[in-house]
1. Can you spot the lysines whose alpha carbon is less than 20 Å from Lys73's alpha carbon? Ignore those fewer than 8 places along the same chain.
2. Label Thr54 and Val84 with points 7 Å out from Cα along Cα→Cβ: what is the distance between them in nm?
3. Enumerate the aspartates and glutamates that Lys86 could reach by cross-link, defined here as Cα to Cα under 12 Å, with residues fewer than 8 away along the same chain left out.
4. Can you give the Rg to Rh ratio for the stretch 6-86, taking only C-alpha atoms and Rh from Kirkwood?
Amino acid sequence: MRPNYSVILMSRRLNAPYSDKVLEDGITIEYEGHDEPKTSYEMNPKMLDQPRTTRIGTLTQNGKFIEAIEKYKNGTANSERVKVMKKYFPGYGL
């Protein structure tokens, strides 16, 4: 994809694993982000957010998002353009 914007995939179907929302203004979104990867049978990944970094110190997707927000807030970067796209699955129709 083009490097001049980020892409956020949203699934708003009834049984979607994330509770992402488009708010009433039609512009603002509430995006849940990534869960912690499931590492054991007993673990419920919905109870833990994905950490900012991996075990080796590289940024996760949530970490990249947090870093972009912090750079914007402290004035070291401009806001980023974002495209929100609907995630489709085979058999769910358009």
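1. Straight-distance partners of Lys73: Lys64.
2. The answer from the label model is 2.9 nm.
3. Here the aspartates and glutamates satisfying the reach criterion relative to Lys86 are Asp20.
4. 1.00
Where a number appears in this text, it was derived from the coordinates with a stated rule and is not lab data. Predicted, not measured: the structure shown is a model, and the values here were computed from it. Virtual Cβ from ideal backbone geometry, glycine too; neighbours counted across all protein chains shown.
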